[in-house]
Amino acid sequence: KTFDLLVLLVQSPGRAFSKHELMNALWPDTFVEEANLSFQVSALRKALGADGARWIETVPKHGYRFSAEVRAITPSCTSSPEPPSDAPSEPSPVTPERGIRKAWLAGAMIAAALLVVAFLTVMRGPGAVRPAPALAVPLTAYPGFEQMPSLSPDGSRVAFSWDGPSQDNYDIYVKLAGPGEPVRLTTNPAGDDSPAWSPDGRFIAFLRVASPYAAADLIVIPAHGGAEKTIATIFPPPIPSSVRPLSNLSWTPDGWLAVGGATSPNGARGIWLISVDGSQQRRLTDAPGVGQHDHSPVVSPDGRHLAFLRARGVGRHALVLVPLTSGPAPSGTPRQLTADDHGVFGVAWTPDGRELVFSAGGHLGLSRTAKVSPVSQSSQPPRLELLPFGEQATGISISGRGRLVYAARSRDTALYQLALPATSTNPIALAAFNSTFDEHTPHYSPDGKRLAFTSTRSGSEEIWIADRDGSNPLQVTSMGGPQCSNPRWSPDGQMILFDSRRAGPGDLYLLQPDSGKVTQLTNDPAYEGEARWSRDGRWIYFGSNRTGRDEVWRMPAAGGSPTQITRQGGIAAIESRDGFLYYAKLSRSPSSIWRVPVDGGAEVPVVEGLSYSLNFAVGERGLYFVALNDTSSKASVDFFDLRTRQRSTLRHLDKPFWFGVTLSPDERSLVFSVVESAGSNLMLVDRFQ
């Protein structure tokens, strides 16, 4: 692929190829992420030597071009035997002046495997060489979810959370890091997760949660089984278990426990250290913004650095590093190592403490890749080194001897339709062309004849449209990831508004579905998304965290300066006929629906129990929404009558909720997204380091 890329570029020197052109040419009819192209570009530049970066020029926000002078030459054949007469003739190579033939031979030897886990070099010096890691092999293949693995210090055993043969309850299991059946370590009816092996291998700490949003007990148990000891109560970040496949617990080298959350109901959230007897507690970090939270801490083997994830919304997890002094205590300003749009899910230190291994991008779509170089005190962002394993990886664990285990997740979400008015006999049917990938965030066209929705069936999140019955599906964007979603038809049906993280944490875009033309509306360093049109099409309401937390803003549909509408938090606002904006209070789960006059004013709560900010629609009589009870993971489709203020359940769902709800213009059908199937297995990489 590296040589193929070189040929493509030198055949049209000076031409700026888009990334999508190059990806389609290099991998026709095959899914790859954009990071695979970045890997090939990097490999080609390296093969070309000192002039590689100058010859292979990056065209910002577009792609690449070949900038060296190119001329055709006739190769000498005096020292080569004459080919047989029936052999195909060899074309003359097209090369720049300085030895391209040698360069392509070097470049062609570089592996081009699909690379889906990022390797973050934190303190490795320049010039260090690491042998290629082994490939991943399945360690478990049980039904349900095996997740949050933790290897014993010697790498011989792995503890993990599993919902069991019947998928009815999460408990902690331990098995050999090889053949053999797992041993069930806990049997409590509450859910047990986040196992973490103590440095001496004698104990396993874990979190026990009675319901998805309840406080968690921090418990320590002997690794071979025995009496449990509860040492603290942790109030975890407000993330439901359905979207929280992350371990939130680890040990320090000197035997303290690091955990994300708060130690009291209204206490400060961050990363906390708790002594193994529970007598001492220290807070190490404090998330800077409202609605942000720190979780998934891992302390380096020498105890001198803390890495953790800082979440700013669903799928927006950045990897952060802070130095520690003895004690330990933070000794400097936390440094963000990845962008919010990487969506990091799982992180672990290598045994030498010089590198971090993490996975990214697997929450709303397919895993994407990144590449980092050594982290120093410079202000330059780190580069990512790619690894040849880890598709859809979440939790990661590495033993002191260099063995690596991760959880590989799979998920298929689909759009379903409920006929209205709902009765106990109304069927819930598939609403759009089904696939084995994700479909979510649907929206009816103004005439009710078509649906716009997000799908990953092309390999990355893209906007698709289909007829109302799901026929004639058509991909209408080619953004190439990492996230592209939330399509909304304009009132006249001529445009589709959507958001994408292609150029940063999140921006708004306009699509002309007939021509495929895409126009970027916003370009702010802050996140902007979950946008909606005003009823007359003159305005766009959107959520932005430019003030430090999500608020509802309004901007002219033709572009221009935005105006802040809410002051107490808000996102995903929908304008109603009665002159109000109905919006989700928080971009989290569960949330609540509030309202405010369209020009601003008193912000008033309307109804609690919204499953997620995108999961409601406004009708003539009231609000339709996918509801989630605080004490249960079961969802339902509910209706809230705005006149009578009465709430009713239209249908209980037998599948987990996902993202997006849309009401047909005639209010005779409601389309929403659910998880059709999902699971995860553990994968083993032996001799990783």
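Observations, loosely collected:
- Residues of region 444-477 satisfying the condition of being surrounded by fewer than 22 Cβ atoms within 10 Å (Cβ to Cβ) and either of a type in the set (S, T, N, Q) or not assigned by the TED database to the domain that holds Leu508 (or both): Ser445, Ser458, Ser471, Asn472, Gln475
- Of the candidates Val626, Val637, Val596, the single residue that is farther than 23 Å from Asp499 by Cβ and part of a strand (DSSP E or B) is Val637.
- Selection within region 200-220 - under 30 Å from the mean Cα position of the chain (by Cα), in contact (Cβ under 8 Å) with a residue 40 or more places away in the chain and within 20 Å of Val174 (Cα to Cα): Ile204, Ala205, Phe206, Leu207, Leu218
- Leading residue by the ranking (nearest to the chain's Cα centre (by Cα)) among those in region 398-417 that are closer than 13 Å to Lys655 by Cβ, at pLDDT 90 or above and not hydrophobic (A, V, I, L, M, F, W, C): Thr413
- Annotation for region 542-564: at least one member residue is aromatic (Phe, Trp, Tyr) and either closer than 30 Å to Asn629 by Cβ or in the same structural domain as Pro288 (by the TED database) (or both).
- Counting the residues of region 467-505 that are touching a Phe, Trp or Tyr at 6+ places or on another chain (Cβ under 7 Å) and modelled with pLDDT under 85 gives 1.
- Residue identified as assigned to a strand (DSSP E or B), of a type outside the set (D, E, K, R) and outside the structural domain of Gln417 (by the TED database) among Leu670, Leu684: Leu684
- Test set (1) closer than 28 Å to Leu610 by Cα; (2) at pLDDT 90 or above - Asp254 fails condition number: (1)
- Arg208 passes every criterion in (1) modelled with pLDDT of 90 or more; (2) closer than 21 Å to Ala318 by Cα; (3) surrounded by 21 or more Cβ atoms within 10 Å (Cβ to Cβ); (4) of a type outside the set (A, V, I, L, M, F, W, C) apart from (2).
- From Ser613, Ser648, Ser592, residue being among the polar types (S, T, N, Q) and closer than 20 Å to Trp533 by Cα: Ser613
- Residue match in region 625-637 (condition: in contact with a Gly (Cβ under 7 Å, 6 or more places away or on another chain), farther than 24 Å from Cys484 by Cβ and surrounded by 23 or more Cβ atoms within 10 Å (Cβ to Cβ)): yes
- Selection count, region 55-86, where residues are modelled with pLDDT under 75 and not in a strand (DSSP E or B): 18
- Restricting attention to region 418-443 and to residues that are in a strand (DSSP E or B) and surrounded by fewer than 23 Cβ atoms within 10 Å (Cβ to Cβ), the residue that is farthest from the chain's Cα centre (by Cα) turns out to be Ala419.
- Residue match in region 569-578 (condition: over 27 Å from Asp467 (Cα atoms), among the aliphatic types (A, V, I, L, M) and in contact with an Asp or Glu (Cβ under 9 Å, 6 or more places away or on another chain)): yes
- Figure legend. Inter-residue proximity from region 649-668: first residues closer than 15 Å to Gln417 by Cβ, second residues at pLDDT below 90, beta-carbon distance below 6 Å, spacing 6+ or different chains. Indicated pairs: Leu650/Ala422; Arg651/Ala422.
- Qualifying residue in region 376-389 (condition: buried (at least 17 other Cβ atoms within 10 Å of the Cβ), outside the structural domain of Ser664 (by the TED database), at pLDDT 80 or above and under 21 Å from Gln483 (Cβ atoms)): no
- If you go through region 478-501 and pick out every residue that is surrounded by 19 or more Cβ atoms within 10 Å (Cβ to Cβ) and either within 16 Å of the chain's Cα centre (by Cα) or more than 21 Å from Val661 (Cα to Cα) (or both), you end up with 11.
The values are calculated or read from the model by the stated rules, or taken from the named source; none is laboratory data. Bear in mind the structure is a predicted one, so any value in this text is a computation, not a measurement. Positions of Cβ are generated from backbone atoms using ideal geometry, with glycine treated the same way; all protein chains shown enter the neighbour counts.
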